[in-house]
Amino acid sequence: MPEKLNGQRIALFESRLAEEISALVRRSGGVPVCVPAVRERRRPAGREMAALLDEVQAEASPVFVFSTGVGASALFGEARALGREAELRDAILRGLAVCRGPKPVAALHREGIASALRARSPYTTEEFIDALVQVDVRGRMVALVHYGEKNEPLVEALVSRGARLRELMLYQWELPEDTAPLARVIEELQGGAFAAAAFTTQIQARNLIAIAGGMGRKEGLLAALRSRVVIAAVGPTCARVLAELGVPPQVVPETPKMAAMLAALVARLADGRTR
């Protein structure tokens, strides 16, 4: 992306890929202000993991469903901590691995496992459920590794088709321990200090609005985001949640990736379209 932003400030809320997304903004001539809006907290799950591995030993062809790369890596981390990594790998290899998108596919690849099935782009719950329709889950044990919160539509889809569902939530999304930096960004957004705000997950948007609500600034923030700031969402799920919160985004890339989102945002701002 060529430099086109001429020093415009972009509010970012990414945590794990904060450096990467900030670098993309800088390369376009913008000033990134990245304040993480989400904390991923690992949950102790040794007992759950041991029970799963005990049960899966008797399964001829278990199904493992991975919502995120973080969850897939955490699953192997729990198995290693128990000294039972080989059991987990064997269970997945004799069964079936289904991934929501490229990140869990990559996480499994690092463990020497190829996913048998993955959702199509843009990797929302709808595409994930469509992919799972291809799998006969009736009567089969299905180990569902959630993302940072429970995906109720996915659970319902699997249970309604007769799966013997085992759910694992190995980490959860929480507010940052220190929310003062986000409070300052909320004040600056209201004050017109940012040209744009870019969201890479729907939980970032939910947390930002929740913090604004706690400050008594929710309506003021929403009004500022609707009137003075270009809003970018990484994909359709994030865009839908932003719209439900009252801030429909102007920028949603065709490919739900961070770089594609920023390229589309840069193009919009470079054209002088602030709304």
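Of the residues Arg120, Arg84, Arg80, which is of a type in the set (D, E, K, R) and modelled with pLDDT under 95?
Being of a type in the set (D, E, K, R) and modelled with pLDDT under 95 holds for just one of Arg120, Arg84, Arg80, which is Arg120.
Just the residues that are surrounded by fewer than 18 Cβ atoms within 10 Å (Cβ to Cβ) and either free of Cβ contacts under 8 Å to residues at least 12 places away in the same chain or in contact with a strand residue (DSSP E or B) (Cβ under 9 Å, 6 or more places away or on another chain) (or both), please, taken from the range 111-126. Within the range 111-126, Ala114, Ala116, Leu117, Arg120, Glu126 qualify.
Once the range 69-94 is narrowed to residues that are of a type in the set (A, V, I, L, M), open to solvent by 10 Å² or more (accessible area, probe 1.4 Å) and part of a helix (DSSP H, G or I), the residue that is farthest from Met49 (Cα to Cα) is Leu93. Inside the range 210-252, residues that are buried (at least 18 other Cβ atoms within 10 Å of the Cβ), without any contact (Cβ under 8 Å) to a residue 24 or more places away in the chain and part of a loop (DSSP other than H, G, I, E, B) make up a count of 1. Do the conditions hold for Ala97, that is, is it touching a Phe, Trp or Tyr at 6+ places or on another chain (Cβ under 6 Å) and either modelled with pLDDT of 95 or more or open to solvent by less than 20 Å² (accessible area, probe 1.4 Å) (or both)? So Ala97 passes the test.
Being open to solvent by 20 Å² or more (accessible area, probe 1.4 Å) and in contact (Cβ under 8 Å) with a residue 24 or more places away in the chain is the filter here, so list the residues in the range 146-164 that pass it. Passing the criteria: Tyr147, Glu149, Pro153, Ala157, Arg161, Gly162, Arg164.
If you check Arg161, Arg166, Arg140, which single one turns out to be within 18 Å of Pro62 (Cα to Cα) and touching a Ser or Thr at 6+ places or on another chain (Cβ under 9 Å)?
The conditions single out Arg140.
Counting only residues that are part of a loop (DSSP other than H, G, I, E, B) and either within 23 Å of Gly191 (Cβ to Cβ) or free of Cβ contacts under 8 Å to residues at least 12 places away in the same chain (or both), the range 253-275 holds 6 of them. What are the pairs, 6+ residues apart or on separate chains, where a residue within the range 80-95 that is free of Cβ contacts under 8 Å to residues at least 24 places away in the same chain has its Cβ under 6 Å from a residue that is buried (at least 16 other Cβ atoms within 10 Å of the Cβ) and in a helix (DSSP H, G or I)? From the range 80-95, the pairs are Glu85/Ala79.
The residues in the range 1-52 that are within 30 Å of Leu144 (Cα to Cα), touching a residue at least 24 places away in the same chain (Cβ under 8 Å) and not aliphatic (A, V, I, L, M) can be counted, and the count is 13.
The values are calculated or read from the model by the stated rules, or taken from the named source; none is laboratory data. Model, not experiment: these values are computed from the prediction. Ideal geometry is used to build each Cβ from the backbone, glycine not excepted, and the neighbour counts take in all protein chains shown. We work out accessible area using only protein heavy atoms, side chains counted, and drop any ligands, DNA or RNA first. Shrake-Rupley method; radii C 1.70, N 1.55, O 1.52, S 1.80 Å.
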